[in-house]
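**Student:** Structure in structure tokens, see below.
The values are calculated or read from the model by the stated rules, or taken from the named source; none is laboratory data. Source: prediction; values computed, not measured. Glycine also receives a Cβ, built like all others from the backbone with ideal geometry; neighbour counts cover every protein chain displayed. With ligands, DNA and RNA removed, areas are computed over all heavy atoms of the protein, side chains included. Shrake-Rupley method; radii C 1.70, N 1.55, O 1.52, S 1.80 Å.
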Amino acid sequence: MSVKPVLTSLAAAAAISLSFGVSAADTSEWSKDTVSGETDQAMHLKADLENGRDIFEVCSACHMPEGWGMTDGTFPQLAGQHRPVLIKQLADIRALNRDNPTMYPFALPESIGDEQALADVTAYIEKLPMNPDNGKGEWAENTPEFEKGKKLFADNCVRCHGDHGQGDKAKFYPRIEGQHYAYMLRQFEWIRDGKRRNANPDMVEQIKNFTDQDMKMVINYVSRIPVDKKDLAPSANWKNPDFD
């Protein structure tokens, strides 16, 4: 695999909207307490998309050149995720605030670079179109399990993740619409059971009484929330033109 030497139309189309750093205004208390210096610095740097594309070649080995990860949930979809969320998670992994031994060596400064590298690669990832055929749970719309998951989502998740899972970049709440079912299920379980150390304590409290079946139903619903077509690749066969 090789990276094209010039900035492609995909990256160029995003360049105008990335002429200034991302502001972290209006963060929650959890966000204020847990944002590291590296996160804050990276979010206020002007992004270089061409460098971000080059850095992403390291990430593409697992997350695929399209940023779609694996539909079986082995690796999450990164494409379309909010830049502040990506920066914070990378910084947390680097600072050992989030346990991810597989990713840790690839996230280190000696592998991808300093705060500027975080600013650059996350700006590139955020603008990638999402997989139109993400991994989904087993219960289709109108089944009892789907409807129960929909109610659980409305009662427990909307306040932070939004009515269609769009998240909130200003508060570091991730976009979960379009994410793979198996990946979300694993993260939900780790958060509920206290195994993800950088989790928002409000979420831990909110979901602590979820049964395994509750968990599967709500994540099944989330995995089936339609994503706006403007944020999706034209087909599941789309290939990132920035990579050969």
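**Student:** What number, rounded to the nearest 500 deg cm²/dmol, is the helix-based mean residue ellipticity at 222 nm of the chain, given -39500 (n - 2.57) per DSSP H run of at least four residues and division by all its residues? Working shown, then result.
**Tutor:** Values: 13 runs with 115 residues, N = 244.
My calculation for the chain gives -13000 deg cm²/dmol from helical runs alone.
**Student:** Okay, moving on. Could you give me the radius of gyration and the Dmax of region 63-115, taking only the C-alpha atoms into account and expressing both in angstrom?
**Tutor:** 11.3, 31
**Student:** Pulled fully out, how much extra length does the chain show between Asp231 and Asn100, if you take 0.36 nm times their separation in residues and subtract their Cα-Cα distance?
**Tutor:** 44.4 nm
**Student:** Where nothing but the Cβ of Lys and Arg (+1) and of Asp and Glu (-1) is charged, how large is the charge dipole of the chain around its Cα centre, in debye to the nearest 20?
**Tutor:** So the dipole magnitude of the chain works out to roughly 340 debye.
**Student:** Students often check this: by mean Cβ neighbours within 10 Å, which of 68-76, 85-93 ranks highest, and how do the rest follow?
**Tutor:** Result, highest mean first: 85-93, 68-76.
**Student:** Moving on to the next point. Would you mind telling me the share, in percent, of accessible area of the chain contributed by carbon and sulfur at probe 1.4 angstrom? If you can, show how the numbers build up before the last one.
**Tutor:** Details: 6240 of 11700 Å².
Exposed carbon and sulfur together represent 53 percent of the surface.
**Student:** Could you provide, to the nearest whole Å², the per residue accessible area of the chain with probe 1.4 Å?
**Tutor:** 48
**Student:** Taking the mean number of other Cβ atoms within 10 Å as a proxy for protection, how do you rank 229-236, 43-50 from highest to lowest?
**Tutor:** Working: 229-236: 12.8, 43-50: 19.8.
Ranked by mean Cβ neighbours within 10 Å, highest first: 43-50, 229-236.
**Student:** Karplus couplings for region 72-80 from phi (6.51 cos²θ - 1.76 cosθ + 1.60, θ = phi - 60°), rounded to Hz, Gly and Pro as x?
**Tutor:** Here the 3J(HN,Hα) series is 7, x, 4, 10, x, 6, 9, 3, x Hz.
**Student:** Given the Cα-Cα distance of Trp238 and Lys151 and 0.36 nm per residue of separation, how much length would full extension add, in nm?
**Tutor:** Value of the extension gain: 27.9 nm.
**Student:** Starting from the amide H of Leu232, placed 1.01 Å from N in the peptide plane, find each other amide H under 5 Å away whose residue is 5 or more places distant or on another chain.
**Tutor:** Here the answer is Met130, since their amide H atoms fall under 5 Å of that of Leu232.
**Student:** Moving to a separate point now. With a 1.4 Å probe and all protein chains kept in place, how much accessible area does Asp99 have, in Å² rounded to the nearest 10?
**Tutor:** Looks like 90 Å² after rounding.
**Student:** Can you quote the Å³ per residue value for the convex hull of the Cα atoms in the chain, rounded to an integer? Please list the in-between numbers first.
**Tutor:** On the way: hull volume 29.1 nm³, N = 244.
Given the Cα convex hull of the chain, per-residue volume reads 119 Å³.
**Student:** Next up: Residue by residue through region 158-169, what is 3J(HN,Hα) from phi via Karplus (6.51 cos²θ - 1.76 cosθ + 1.60, θ = phi - 60°)? Round to whole Hz and write x for glycine and proline.
**Tutor:** Working through the residues one at a time gives 4, 4, 9, 8, x, 5, 10, x, 6, x, 8, 5 Hz.
**Student:** Taking the Cα centre as origin and putting +1 on Lys and Arg beta-carbons and -1 on Asp and Glu beta-carbons, what dipole magnitude results for region 48-157, to the nearest 20 debye?
**Tutor:** Dipole of region 48-157, to the nearest 20 debye: 340 debye.
**Student:** Tell me which of Asn142, His82, Ala182 sits at the most positive position along the dipole axis of region 65-203, charges placed on C-beta atoms (Lys, Arg +1; Asp, Glu -1).
**Tutor:** It is His82, whose Cα lies furthest towards the positive end.
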